[in-house]
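No lab work stands behind these numbers, since they all come straight from the coordinates. Since we're looking at a predicted model, the values are computed, not measured. As a convention, Cβ positions derive from the backbone with ideal geometry for all residues, glycine included, and neighbour counts pool all protein chains shown.
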Amino acid sequence: MKLFKIIADLEDNPKLHLARLLILLKAFKNNEEDKGIDGKTKLVKLDFLLRHPVYLERALKAKKIPDNAVAIMDYERDNIESSMIRYRFGPWDPRYDTFINLLVGMGLCELVKKGRMIYIDLTQKGCETAIKLSKADEFENIANRAQILKRYFNQSGTNLMNFIYDTFPEIVSLRSGETITYEY
């Protein structure tokens with residue numbers, strides 16, 4: 001029962017989510033010219049694959065990329081880091097606005113409007129923090145998977161959403177608000 005409480009506490013701890021999002025944003029910002037991730041839709045879809053490594057493994061298979069790139073641990077096959085729900089545009093966590101606002105408020109991230117697009121970009125402080133987190137043993141798998149996402153899934157939010165719909169039809173068939181689980 002103690003393990004269950006620890007896992008429940010982690011889900012409610014925004015610091016874990018903020019750290020993961022910082023690492024993900026850093027993977028998409030290799031230099032000053034990189035503008036960050038273009039839009040919340042893209043961020044959410046990338047984060048879905050990052051939070052659910054079994055789905056990332058399936059996504060790589062769909063793209064015919066060797067699945068050993070993900071290096072899923074045995075314990076990850078039977079649980080997920082944190083739950084997401086089915087929403088209008090696929091996987092979603094209702095706390096994204098809060099997470100993004102916290103990152104902005106902490107001076108780790110900024111929202112940059114270019115034309116009609118809003119980019120979620122790291123500040124210098126955010127980059128430095130993300131680099132430190134990426135080097136921590138606890139976040140090694142997340143950092144490696146974020147790089148995989150950058151390499152193989154750096155496409156528009158709409159294209160990424162359509163890819164997720166096509167690759168994971170079981171998510172599309174869920175009712176809005178229903179928790180996404182993985183059955184294998």
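Some observations on this one:
- Close amide-amide hydrogen proximity is noted between Ile118 and Gly39, each under 5 Å apart and 5 or more residues distant or on a separate chain (H modeled in the peptide plane; Pro and chain starts excluded).
- Spin-label model, Asn144/Arg95: points 7 Å from Cα along the beta carbon direction are separated by 2.6 nm.
- Karplus-derived HN-Hα couplings along the stretch 115-129 (A = 6.51, B = -1.76, C = 1.60, θ = phi - 60°), whole Hz, x at Gly and Pro: x, 8, 9, 10, 8, 9, 10, 7, 7, 4, 4, x, 4, 4, 5
- For Cys109, the amide hydrogen comes within under 5 Å of the amide hydrogens of Val104, Thr123, counting only partners 5 or more places away or on other chains and with H modelled in the peptide plane.
- Phi to ³J(HN,Hα) by Karplus 6.51 cos²θ - 1.76 cosθ + 1.60 over the stretch 151-159, Hz, x for Gly, Pro: 5, 10, 10, 8, 9, 5, x, 5, 5
- Percent of alpha-carbon pairs separated by more than 13 Å within the stretch 97-160: 72
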